[in-house]
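Beneath this line is the structure, given in structure tokens, with notes to follow.
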Amino acid sequence: MGEPHPTPTAPQAPKLRATALTRTFGRSPKTVHALGPVDLDIAPGEFTCIVGPSGCGKSTLLRIAAGLLRPTTGELQIRTASPRPAAMIFQDYGIYDWKTVLANVRFGLDIQRVPRREADARARDWLARMGLADFAGAYPATLSGGMRQRVAIARALAVEPEILLMDEPFAALDAQLRTILQDELLDLTQTTSTTTLFITHSLEEAIVLGDRVLVMSARPGRIIAERRPPFGRPRSGDVRSAPEFTALKSELWELLRGEVRREAVPA
């Protein structure tokens, strides 16, 4: 008798699915068609990066996924067992100046009415993971930009979201700090296997972090290309020095160049 054939693994249903999604702003005759149509599937545990020219609707797509905006047409579905499946991290940190670092990280848990002792323990655990344990009682005004962004990341992950939505979270940081936080986020998301949708202008950032990089067109934003960085998991920031990294970055820029020009000089 021959060896039994392994049972094929059924493909997982997408964690997030956008179908014919569009968004417009304003009323005729001044309607602005900002996004779409967009069709997109994101698998559970996948880290998907979206790049595109300014004003192409990347952040609009993210806000629809977060439930902060409604699509004009089409739909976005999230497969989840949680009433609050997503957490969002913004470019401007989005933390509260009048709350301590610990209270900021605990904020989402307080909203979920997690008992204070458990909420404090989870918040302190994430502060320790982010290297901020000694700053639990500090206020955001005393922190550097990188430390504030670590607080924002800790707050988002403390609620154990099924989907992490990140809107250019490192854009305001200097190049050296940005590289450090990219590597820290890479370690964190590989440890937690959180499904992540990440918006960025940086091709390097997208290649380092992403399982998949999607390129959007100039407004109205549509997905015009998809590339998968040829680096396995677990991955480190060392991939930046690989020849494949440079080649993919050049390829993505060629795809993006024309769209950036279209946005800068509209027809």
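Listed values, structure above:
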| item | result |
| --- | --- |
| Scan of the stretch 153-180 for residues that are buried (at least 20 other Cβ atoms within 10 Å of the Cβ) and of a type in the set (A, V, I, L, M), ordered by number | Ile153, Ala154, Ala156, Leu157, Ala158, Val159, Ile163, Leu164, Leu165, Met166 |
| Verdict on Ala128 being in a helix (DSSP H, G or I), crowded, with 21+ Cβ neighbours inside 10 Å and more than 21 Å from the chain's Cα centre (by Cα) | no |
| Subset of the stretch 182-208 (residues that are out of contact with any strand residue (DSSP E or B) (no Cβ under 9 Å at 6 or more places or on another chain) and not hydrophobic (A, V, I, L, M, F, W, C)) | Gln182, Asp183, Glu184, Asp187, Thr191, Ser193, Glu204 |
| Sole exception among (1) modelled with pLDDT of 85 or more; (2) of a type outside the set (Gly, Ala, Ser); (3) under 25 Å from Gln112 (Cβ atoms); (4) not assigned by TED's automatic domain parsing to the domain that holds Glu118 for Leu188, by number | (1) |
| Residue satisfying all of: in the stretch 170-201; of a type in the set (Ser, Thr, Tyr) and in contact with a Cys (Cβ under 9 Å, 6 or more places away or on another chain); nearest to Asp41 (Cα to Cα) among these | Thr196 |
| Criterion violated by Leu76 - all others in (1) surrounded by 14 or more Cβ atoms within 10 Å (Cβ to Cβ); (2) more than 25 Å from Arg228 (Cβ to Cβ) satisfied | (2) |
| Test: residue in the stretch 131-154 that is of a type in the set (S, T, N, Q) and either in a loop (DSSP other than H, G, I, E, B) or touching a residue at least 24 places away in the same chain (Cβ under 8 Å) (or both) | yes |
| Top-ranked residue of the stretch 155-181 - restricted to ones that are assigned to a loop (DSSP other than H, G, I, E, B) and touching a strand residue (DSSP E or B) at 6+ places or on another chain (Cβ under 7 Å), ranked as nearest to Leu62 (Cα to Cα) | Glu168 |
| Whichever residue in the stretch 209-241 is touching a Pro at 6+ places or on another chain (Cβ under 8 Å) and of a type in the set (Val, Ile, Thr) and, among such residues, is surrounded by the most Cβ atoms within 10 Å (Cβ to Cβ) | Val213 |
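The values are calculated or read from the model by the stated rules, or taken from the named source; none is laboratory data. Values in this document were obtained by computation on a predicted structure and should not be read as measured data. All Cβ positions, even for glycine, are placed from backbone atoms using ideal geometry, and neighbour counts span all protein chains on display.
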